[in-house]
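Enquirer: Before anything else, here's the structure in question.
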Amino acid sequence: MIRKKISRIYLLIWMWLSISVTFLKADNLNTLHQINCFSMETLEDSTLWEGLAGTFFGKQENRFIMAGGSAFPGGKPWQDGIKHFSDQVFVFEQLPDGSFSKVYQGNDLPVPLAEGSYATLPGGLLCVGGLTPDGITGKSWLLAYSGSGITVTEYPSLPVPVKNSTATVIGSKVYLVGGELADGTSTDQFLVLDLSNPTKGWEKLPNFPVPISGATLTSQQDGEEVALFSFGGRARRTAGEATIFYASVYHFRPSLNRWTQKGDIQHDKDTSVSLAMATASAVGGSHVLLYGGDTGHIFNQVEKAVREGNTAKRDSLWIHHTGFHNKILIYNTITDTWFEAGETVNPPVAVTSDVSDGKNVYIASGEIRPGVRSPLITQLYYTSQPSFGWINYLVLILYFGGMLLMGFYFMKRNENTEDFFKASGRIPWWAAGISIFATTLSAITFLSIPAKTYATDWRMLVFNICIILIVPVVIRYFLPFFTRFRLGTAYEYLEKRFNRTTRWLASALFVVFMVSRIAIVLFLPALALNAVTGFDIYLSIVVMGLVTIIYSTSGGMEAVVWGDVIQGFILVFGALAAFVLMVMGIDGGLGEFWHTSIEFHKFRTFDFRFDFTQPVFWVVLIGGVANSLITYTSDQSIVQRYMSTKDEKSTSRSIWLNGILSVPVTILFFLIGTGLFAFYKDNPASMMVTNPNIDSVFPQFIVSEMPVGFAGLLIAAIFAAAMSTLSSNINSSAAVLTSDFYQTIFPKSTFSSQLKMARWSGLLCGLLGMGMALMLATWNIASLWDQFNTFLGLLTSGMGALFILGIFFPRVGAGAALVGVITGLFLLLIIKEHTPLSFLLYGFIGVSVSILIAWLSSFLLPNKKEIKGYTWKGMQKE
C-alpha cells in the first residue's frame with residue numbers, strides 16, 4: 001500500500017516536470033545604482049568648492065570620516081597654480097534618503113596631507129604616509145570621532161616614506177603595498193602592521209612581485225580564506241624613465257605567504273586594460289568592484305612632452321584631457337574573470353578614495369582630469385531582480401503540504417514509543433538504507449559541498465567517501481550491540497557497560513549537537529533562498545522548521561523514514577538535472593567543461609604534502625575515517641535506523657546500501673561544484689554580485705538558469721535535503737530525552753505519558769534549533785560546511801570514544817572513561833583556539849586522546865563492574 005502511494009507521488013512529479021520544462025528560465029539580473037550623496041560645493045571653505053583628490057576616507061561605526069586631500073583653488077597647473085594640501089577632517093552621517101549630512105569639520109590633521117594610503121579600523125580611520133607641502137612623509141595617524149571632535153593617535157611610521165601606496169585590513173592586520181619614493185621611482189615593499197601589537201611597527205613580508213605605486217589593494221574571499229588582491233598600478237623604475245602602467249592582478253593568501261599572478265584586468269574576455277589610481281572595493285562574498293583610474297595613455301604623452309621641454313604640448317594635453325576610465329568593472333575572485341557592469345554616471349575619477357561595507361561602495365571626490373577635482377561623494381550598490389515565479393512557489397507549497405499530510409497519515413499508527421521511535425521493526429531494509437543516506441545527505445551536502453568544490457577542488461572527496469571504508473567495521477563490531485540487546489537508544493548501552501552518569505553525559509552531548517545541527521541545516525537553505533529569491537530568511541527558517549516539527553512529531557519514525565525515501569529521490573534527480581543543464585550552458589558543452597576543469601586544476605584530489613593545517617590527503621583520510629566512525633557508531637539519528645528493521649541481517653544490508661549510494665552521489669555533488677566553476681568562468685556576468693557568501697552559488701544557478709518549475713523542484717530538493725536531516729535529528733533527540741532521561745527518572749511512567757513526552761521533547765528540540773538558526777542568520781559565516789564539521793569534531797568525538805572504550809577496552813571503567821572524554825574535549829578546545837590545525841582532524845584527535853587518557857587512567861581507576869558480555873570479548877563468548 002505504502003509503495004503504491006510513493007509510486008503515485010513520483011508519477012505526479014514526472015508529469016509536473018514534463019509540463020514545467022516548457023516555461024522559460026527565471027531571470028536574475030544585476031542592477032547597478034549610483035547616487036550622489038554629497039557635494040563639497042556646500043562646504044564653508046570656498047577653496048574646496050571643486051573637491052579634493054587623494055583624500056583619506058573611511059568609516060567609524062555608522063559615520064564616515066574624510067581627511068586631507070589636494071586641490072588647485074588659485075589656478076590650474078597650466079596657469080601656474082599652486083597645489084593646496086588640506087589638513088581638514090570631515091565627519092558625515094548618512095540620512096535615510098541616502099544623502100550625507102556633515103556633522104563635523106575641523107583642521108585636525110597634524111600636517112596638510114594627500115595621496116597616502118588608508119584603512120578603516122574598528123576605532124577610526126588610519127592614514128598612512130603621503131605627500132605634504134614639505135615632501136613625502138612616512139608618518140601614520142589614527143583619526144577617531146568622539147562625538148564632539150577628532151582624536152588623533154600617532155601610529156608607527158613606515159620604514160621608508162612613500163606616497164601613492166595602497167593598504168587594506170584582514171582581521172587585526174593592516175597590509176600595505178608599494179608606493180612612490182621621493183625621487184619618483186616606485187618600491188616593491190610589502191608591509192604588515194599587527195594591530196594587536198602595534199609597538200612592533202611595520203614588518204616586512206615577501207616583496208611585491210614588481211615595484212609599484214598607484215595600485216589598489218583590497219581583501220576578499222578567494223574560496224579558501226580571506227586574501228589580498230592587488231589591481232593595476234604604475235611604476236617608474238629609474239629617474240627620468242617613462243612610467244609603466246599595469247593591467248596585472250596579484251593575489252596573496254596569508255596562509256601560504258606568497259604572491260601569485262592572476263589574469264589581467266579586462267573589459268571583456270579578449271581586451272586587457274591598464275589602470276592606476278583606481279579604487280577596488282569588495283562586494284558580496286566573492287566579487288570586487290573596480291572604479292575609475294588612469295589608463296596612462298595621456299599620462300605618458302605628458303611625460304614625453306616634459307622630457308622634451310615642450311610646455312605648450314604639455315599644457316594642451318592637460319587642458320584637453322579626455323578624462324579617466326569610465327567603465328565599472330566587476331572581478332570574481334574565485335573564477336578569475338571580469339565583466340563590464342556599466343559606465344559611471346558622473347565624470348570618471350582617479351586619485352580617489354573609497355569605503356565599502358560589502359553591499360555599498362562610497363567614492364569620495366577624486367580627480368576628473370589633471371588639476372580638476374570632483375565635488376561629489378557617490379554611493380554605488382547592486383540590487384538583484386530575482387523572478388522565482390508563482391509556478392515555483394506552487395511546487396514548494398505542494399511539497400510542504402505533502403510532507404504534512406504524510407505525518408498525519410502515520411500518526412494513527414503510533415501507539416507507544418516503540419512505534420514512535422523504531423516503527424516496531426516495520427521498515428524494509430532498502431527504505432532504512434535510503435533513509436540513512438538521505439539523513440547524511442543534508443542541505444550541507446546539497447549546497448555546501450558544491451560551493452566548496454566550486455571555490456576549491458576535489459581534495460575533500462576522500463573525506464566524504466570514507467563511509468565505504470568503515471561499513472565492514474560497523475557491521476562486524478558495533479551492530480551486534482545495537483540489535484541483540486534491543487536497546488532503547490545507543491546510549492543505553494553506555495549505562496550497561498559503564499554507569500548512568502556516562503549514559504547521561506553522552507546523551508546530553510548528543511542533544512546539544514543535534515540542536516546545533518538543526519540550526520545549521522535550517523539556516524543554510526533559508527540563506528540560499530533569501531539570496532536568490534529575496535524570500536525572507538527568518539520566514540524561511542520558521543516555515544521549514546515548523547513543517548518538519550509537525551510531521552516528524554506527528555508521524556514518528558515511519559513518517560521520518562518514508563519522508564527520507566521521497567526526499568532522497570528528489571535530491572538525486574534534482575542534482576542530476578542541474579548538472580546536465582549546467583554543462584549545456586557552457587559554450588562548448590562537455591568538452592569545454594572538461595578543458596576548463598583541467599586547466600584550473602579543479603579535479604585535484606590527492607595532495608600528499610605533510611601540512612596538517614590544510615586538507616591534504618593524510619588529513620582528509622584520517623579525519624574522514626574518524627568522523628564516519630563517530631557518526632555511524634554513536635549518532636542516535638543513524639543508530640535508530642539500525643533498530644527499525646526486523647533483524648540484524650536486514651540492518652547490515654541497509655548499511656551497505658547507504659555506503660554504496662554515498663560514493664556515486666558524493667561524486668555527483670563534486671561534479672556539480674566543478675560544473676558551477678566552469679559555467680561561471682564562461683558566463684561571469686550571470687553570477688549575482690550581491691551573493692553574500694559562496695554557499696549561495698548553487699541555489700543562485702538553480703533560480704536564474706534553470707527552467708521555471710525545474711527551479712521550484714530544485715529549491716524543494718534543497719528543503720528536502722534539510723528536512724530529511726531535521727526530521728531525523730528531531731526524532732532521535734526526542735528518543736534520547738524520552739528514553740535516556742524521562743524513562744530512567746520515571747521508570748513507572750505509562751506508554752501514554754512516554755509518547756506524550758516524546759512528542760513534547762521533539763517539539764522542544766526543534767524549536768531550540770529553530771531559535772539558534774534565527775541567531776545564525778545575524779552572523780557572517782564564510783563556509784557553513786566548515787562550521788558543521790567543527791561542531792562534529794568538538795561535540796561528538798567524546799561519544800565515539802565512549803563506544804570504542806566500552807566495546808574494546810574491558811579494563812576501562814566509568815571513572816577512567818569520563819576522565820578520558822573530558823580531557824579530550826578540553827584539549828580540542830585548546831587546539832581550536834591556539835593552533836592552526838585543520839578542523840578536519842578534530843574528530844580523530846578527540847577520539848584518540850580520549851581513548852589514550854582513559855586507558856592510562858584505568859591503571860589508577862580500574863574497572864570494578866562486572867560487564868557480562870557488554871564488550872566485544874564478552875559478545876564473542878556468547
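Enquirer: Give the lysines reachable from LYS59 as a straight Cα distance under 28 Å; neighbours fewer than 8 places away on the same chain don't count.
Expert: LYS83, LYS102, LYS139, LYS163, LYS173, LYS200, LYS204, LYS327, LYS359
Enquirer: Given the Cα-Cα distance of ILE170 and GLU203 and 0.36 nm per residue of separation, how much length would full extension add, in nm?
Expert: 10.4 nm
Enquirer: Determine the calculated [θ] at 222 nm for the chain from helices alone, applying -39500 (n - 2.57) to every DSSP H run no shorter than 4 residues and normalising by the residue count; nearest 500 deg cm²/dmol.
Expert: After summing the helix terms and dividing by residue count, I get -15000 deg cm²/dmol.
Enquirer: Would you list which aspartates and glutamates come within 17 Å of LYS452, measuring only between C-alpha atoms, while excluding same-chain residues fewer than 8 positions from it?
Expert: Counting by Cα, and skipping residues close in sequence, LYS452 has these aspartates and glutamates nearby: ASP222, GLU224, GLU225, ASP336, ASP607, ASP695, ASP786.
Enquirer: Just to confirm a number: summing +1 for Lys and Arg and -1 for Asp and Glu over residues other than GLY585 whose beta-carbon lies under 9 angstrom from that of GLY585, what do you get?
Expert: In short, -3.
Enquirer: With charges only on Cβ, +1 for K and R and -1 for D and E, what is the dipole size of the chain about its Cα centre, in debye, rounded to 20?
Expert: Result for the chain is approximately 4220 debye, rounded to the nearest 20.
Enquirer: Which of the listed residues, VAL580, GLY800, PHE710, is farthest toward the dipole's positive end in the chain, when Lys, Arg count +1 and Asp, Glu count -1 at the beta-carbon?
Expert: The one lying farthest along the dipole's positive direction is GLY800.
Enquirer: Once both axes come from the Cα atoms, what is the angle between helix 842-857 and the longest principal axis of the chain, in degrees from 0 to 90, rounded to 10?
Expert: Between the helix axis and the principal axis of the chain, the angle is about 50 degrees.
Enquirer: May I pose another question? Using DSSP, restrict attention to beta bridges with both residues in the chain and report what percent are antiparallel, rounded to the nearest 5.
Expert: 100
Enquirer: Further question: Using the alpha-carbon centroid of each, what span in Å lies between the range 490-513 and the range 557-633?
Expert: The two parts, judged by their Cα centres, are 33 Å apart.
Enquirer: Quickly rank 818-825, 474-481, 449-456, 78-85 as a protection proxy: mean count of other C-beta atoms within 10 Å, highest first.
Expert: Per-residue Cβ counts within 10 Å, averaged per peptide and sorted highest first, yield 449-456, 818-825, 474-481, 78-85.
Enquirer: Separate question: Residues with amide H under 5 Å of GLY366's amide H, sequence separation 5 or more or different chain, H placed in the peptide plane at 1.01 Å from N; which?
Expert: So GLY366 has HN proximity to LEU52, ALA53, GLY54, SER374.
Enquirer: Now a separate question. Can you tell me the 0 to 90 degree angle between the C-alpha axis of helix 814-834 and the longest principal axis of the chain, rounded to 10?
Expert: 10
Enquirer: Apply 1/(1 + (r/R0)^6) to the Cβ-Cβ distance of ASN257 and PHE606, taking R0 = 22 Å, and write down the FRET efficiency to the nearest 0.05.
Expert: 0.40
Enquirer: Within a 10 angstrom radius of the beta carbon, how do ILE334, ILE391 rank from fewest other beta carbons to most?
Expert: Going from sparsest to densest Cβ surroundings: ILE391, ILE334.
Enquirer: In addition: Distance from the Cα centre of the range 53-132 to that of the range 358-381, in angstrom?
Expert: When both Cα centres are located, 12 Å separates them.
Enquirer: If I model a spin label as a point 7 Å beyond the Cα along the Cα-Cβ vector, how far apart are those points for GLN614 and ILE82 in nm?
Expert: The answer from the label model is 5.7 nm.
Enquirer: Next question. With the dipole of the chain worked out from charges on the C-beta (+1 for Lys and Arg, -1 for Asp and Glu) around the Cα centre, which of LEU539, LEU590, THR645 lies farthest toward the positive end?
Expert: Toward the positive end, the furthest listed residue is THR645.
Enquirer: Please give the helix 500-533 orientation as an angle from the longest Cα principal axis of the chain, in degrees from 0 to 90, rounded to the nearest 10.
Expert: In the chain, helix 500-533 runs at an angle near 50 degrees to the longest axis.
Enquirer: Of the listed values [x] 1.08; [y] 1.00; [z] 1.13, identify the label whose number matches Cα Rg over 2.2 N^0.38 Å calculated from this model.
Expert: Working out Cα Rg over 2.2 N^0.38 Å from the coordinates points to [x].
Enquirer: Apply 1/(1 + (r/R0)^6) to the Cβ-Cβ distance of GLU241 and VAL345, taking R0 = 41 Å, and write down the FRET efficiency to the nearest 0.05.
Expert: Efficiency at R0 = 41 Å is approximately 0.65.
Enquirer: In whole Å, how far is the Cα centre of the range 322-336 from that of the range 259-279?
Expert: Spelled out, the Cα-based centre of one part sits 8 Å from the other.
Enquirer: Multiply the residue gap between PHE826 and ASP336 by 0.36 nm, knock off their C-alpha separation, and tell me the result in nm, one decimal place.
Expert: 172.3 nm
Enquirer: Still on this structure, please answer the following. In nm, give the distance between the simple-model label positions of GLU648 and ILE598, each being 7 Å from the Cα along the Cα-to-Cβ direction.
Expert: The answer from the label model is 5.1 nm.
Enquirer: If you place +1 on the Cβ of every Lys and Arg, -1 on the Cβ of every Asp and Glu, and leave all else neutral, what size is the dipole of the range 598-739 about its Cα centre, to the nearest 20 Debye?
Expert: 280
Enquirer: Report the label-to-label distance for LEU590 and THR311 in nanometres (one decimal), using points 7 Å from each Cα along the Cα→Cβ vector.
Expert: The two pseudo-label positions are separated by 7.2 nm.
Enquirer: Sorted by packing (mean other beta-carbon atoms within 10 Å per residue), highest first, where do 101-114, 659-672 land?
Expert: 659-672, 101-114
Enquirer: Follow-up. Under the 0.36 nm per residue contour assumption, what length would be gained going from the current alpha-carbon distance of HIS297 and ILE35 to full extension?
Expert: Stretched fully, the HIS297-ILE35 segment lengthens by 91.4 nm.
Enquirer: Just going by the charge dipole of the range 419-877, with Lys and Arg at +1 and Asp and Glu at -1 on Cβ, which of ALA431, MET775, ILE822 is farthest out on the positive end?
Expert: Toward the positive end, the furthest listed residue is ILE822.
Enquirer: What is the dipole size for the range 419-877, taken about its Cα centre, with +1 at each Lys and Arg Cβ and -1 at each Asp and Glu Cβ, in debye to the nearest 20?
Expert: 2100
No lab work stands behind these numbers, since they all come straight from the coordinates. This structure is a prediction, so every number in the text was calculated from the model and none was measured. With ideal geometry, Cβ positions are generated from the backbone for all residues, glycine too; neighbour counts draw on all protein chains shown.
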